[in-house]
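**Student:** Here you go, one structure.
The values are calculated or read from the model by the stated rules, or taken from the named source; none is laboratory data. Just so you know, these numbers come straight off a predicted model, no measurement behind them. When we count neighbours, we look across all protein chains shown, and the Cβ atoms used for this are built from the backbone with ideal geometry, even at glycine.
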Amino acid sequence: MRFYTCEHSFYCGIDLHARTMHLCILDHAGQVVFDDNLPTNPRAFLEAITPYRQGIIVGAECMFSWYWLADLCHQQNIDFVLGHALYMRLIHGGKGKNDRIDAGKIARLLRTGGFPLAYAYPKGMRETRDLLRRRSYLVRQRGSLLTHIQIVNSQYNLLPIGKELRYEGKRTGIAERFPEGAVRKNIAVDLHLIRQLDALIDDLEEELVRTVQVEDRVTFELLRSIPGVGPILGLTLLYELHDWRRFATVGQFLSYARLVRCVHESAGKKLGTGNSKIGNAHLRWAFAEAACQMLRVSERARRWKERYQQGHGKGKGVSVLAARLGRAVYHMLRKGEEFDEARFWNENQRDAEPRSRPASKHDKAKRVRRKVKCA
């Protein structure tokens with residue numbers, strides 16, 4: 001976790017909401033020089049900070065309405081930082097809680113170097129990233145409708161549909177399978193919504209592919225060189241990652257993508273893992289999907305998974321492959337090189353064979369007793 005540690009003349013903490021915001025400004029000595037509740041609009045914000053604008057830093061907790069504030073500060077050349085909501089536990093840990101208290105705590109975190117940083121995604125590519133997330137939401141809604149049709153089919157113990165319902169041409173006559181009346185109407189509504197979602201999703205995908213040709217075609221083609229990564233998956237990786245340079249090491253990138261487990265230790269003892277939801281859930285899904293697609297199109301990947309599962313079980317292969325892909329993507333973008341499948345598997349040769357645990361003293365003694373017995 002990174003913290004903001006720069007020194008400034010004034011520290012402005014904002015408890016931001018959709019209609020109101022509470023500002024607390026501290027000077028370099030920690031004295032409160034401004035503390036008031038304001039309407040959420042640019043004019044009120046700029047008027048409030050005008051006397052302290054020279055050398056001020058503005059900080060706000062990451063919530064749904066931070067876009068306008070970050071863009072305004074960028075336009076006005078005001079330093080702005082975004083706080084990681086899950087790490088800012090000091091705000092939620094007090095006995096009392098209100099907007100004034102929260103804004104004061106944000107300002108004091110900025111002043112004392114305890115402000116946990118989140119990434120303020122810049123304007124420009126941010127809009128396309130949000131459109132990609134909306135497309136994913138629509139795809140999940142379509143999937144739930146397709147599943148509902150199968151559920152109703154099982155409720156009435158009808159013959160299996162046996163068709164790939166995600167294809168429009170194979171939905172003909174589906175509603176007529178069900179009893180007349182409310183049940184058939186229920187399925188007809190599902191099919192109508194699926195057709196509408198199909199049209200929306202197709203239109204979004206065309207717009208997204210057209211947009212990326214203008215914004216960052218080079219990085220997009222590098223990601224497309226991974227076996228199984230198509231246009232939409234490549235777009236998701238591109239826009240959720242945005243810029244590999246914001247990660248100093250590959251370990252930071254893997255942590256951000258939720259591809260490693262966070263171990264909890266105390267007094268030299270491991271207490272398990274936790275905080276698995278800290279990171280980018282969309283990027284985690286993209287790498288898991290990329291691993292599944294690679295297993296579909298790459299024979300070497302399927303052979304690796306079969307060997308790996310012999311020593312580790314079935315549930316771990318895809319997760320390990322996703323983490324390896326994450327490491328490969330980081331180095332691909334850092335070096336500007338396309339994906340090299342031969343090099344990828346050679347570098348991970350240690351994972352190609354099932355690992356056996358090192359022999360313990362008990363195992364060695366057991367072998368010695370067996371030899372003595374045979375003699």
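**Student:** Determine the pairs where a residue that is of a type in the set (Gly, Ala, Ser), located within segment 162-186, has a partner that is assigned to a helix (DSSP H, G or I) and surrounded by 13 or more Cβ atoms within 10 Å (Cβ to Cβ) with Cβ atoms under 7 Å apart, the partner being 6 or more residues away or on another chain.
**Tutor:** 175/184; 175/187; 175/188; 175/191
**Student:** Let me ask another. Considering only residues that are of a type in the set (S, T, N, Q) and within 20 Å of residue 288 (Cα to Cα), look in segment 241-259 and name the one that is surrounded by the most Cβ atoms within 10 Å (Cβ to Cβ).
**Tutor:** 255
**Student:** While we're looking at this one, here's another question. So which residues in segment 80-109 are within 26 Å of the chain's Cα centre (by Cα), of a type outside the set (A, V, I, L, M) and surrounded by 15 or more Cβ atoms within 10 Å (Cβ to Cβ)?
**Tutor:** Across segment 80-109, the qualifying residues are 80, 83, 84, 87.
**Student:** Do the conditions hold for residue 232, that is, is it touching a residue at least 40 places away in the same chain (Cβ under 8 Å), in a helix (DSSP H, G or I) and closer than 20 Å to residue 121 by Cβ?
**Tutor:** Against the criterion (touching a residue at least 40 places away in the same chain (Cβ under 8 Å), in a helix (DSSP H, G or I) and closer than 20 Å to residue 121 by Cβ), residue 232 qualifies.
**Student:** Would you mind finding the one in 296, 324, 303 that is part of a helix (DSSP H, G or I) and farther than 26 Å from residue 235 by Cβ?
**Tutor:** 303
**Student:** Please go through segment 43-80 and pick out each residue that is part of a strand (DSSP E or B) and not aliphatic (A, V, I, L, M).
**Tutor:** Result: 59, 61, 79, 80.
**Student:** On to the next question. What residue, of 131, 158, is surrounded by 13 or more Cβ atoms within 10 Å (Cβ to Cβ) and either at pLDDT below 95 or in a helix (DSSP H, G or I) (or both)?
**Tutor:** 131 is the lone residue from the list that is surrounded by 13 or more Cβ atoms within 10 Å (Cβ to Cβ) and either at pLDDT below 95 or in a helix (DSSP H, G or I) (or both).
**Student:** Which number in (1) hydrophobic (A, V, I, L, M, F, W, C); (2) within 29 Å of residue 62 (Cβ to Cβ); (3) not in a loop (DSSP other than H, G, I, E, B) marks the one condition that residue 197 misses?
**Tutor:** That leaves (2) as the condition not met.
**Student:** If a residue has to be assigned to a loop (DSSP other than H, G, I, E, B) and touching a helix residue (DSSP H, G or I) at 6+ places or on another chain (Cβ under 9 Å) to count, how many in segment 250-270 make the cut?
**Tutor:** 5
**Student:** Out of 102, 130, 27, report the one residue that is in contact (Cβ under 8 Å) with a residue 40 or more places away in the chain and among the acidic types (Asp, Glu).
**Tutor:** So the residue among 102, 130, 27 that is in contact (Cβ under 8 Å) with a residue 40 or more places away in the chain and among the acidic types (Asp, Glu) is 102.
**Student:** Identify, by number, the condition in (1) among the aliphatic types (A, V, I, L, M); (2) within 28 Å of residue 132 (Cα to Cα); (3) not in a loop (DSSP other than H, G, I, E, B) that residue 152 doesn't meet.
**Tutor:** Residue 152 satisfies all of (1) among the aliphatic types (A, V, I, L, M); (2) within 28 Å of residue 132 (Cα to Cα); (3) not in a loop (DSSP other than H, G, I, E, B) except (2).
**Student:** Hey, among 113, 104, which residue is touching a Cys at 6+ places or on another chain (Cβ under 8 Å) and assigned by TED's automatic domain parsing to the domain that holds residue 69?
**Tutor:** 104 is the lone residue from the list that is touching a Cys at 6+ places or on another chain (Cβ under 8 Å) and assigned by TED's automatic domain parsing to the domain that holds residue 69.
**Student:** Sticking with this structure for a sec: Filter segment 274-317 down to the residues that are modelled with pLDDT under 90, in contact with a Ser or Thr (Cβ under 8 Å, 6 or more places away or on another chain) and surrounded by 14 or more Cβ atoms within 10 Å (Cβ to Cβ) and list them by number.
**Tutor:** If the condition is that a residue be modelled with pLDDT under 90, in contact with a Ser or Thr (Cβ under 8 Å, 6 or more places away or on another chain) and surrounded by 14 or more Cβ atoms within 10 Å (Cβ to Cβ), then 279 is the only one that fits.
**Student:** What are the pairs, 6+ residues apart or on separate chains, where a residue within segment 321-349 that is exposed (fewer than 15 other Cβ atoms within 10 Å of the Cβ) and at pLDDT below 95 has its Cβ under 9 Å from a residue that is among the aromatic types (Phe, Trp, Tyr) and assigned to a helix (DSSP H, G or I)?
**Tutor:** Hits for this filter: 334/244.
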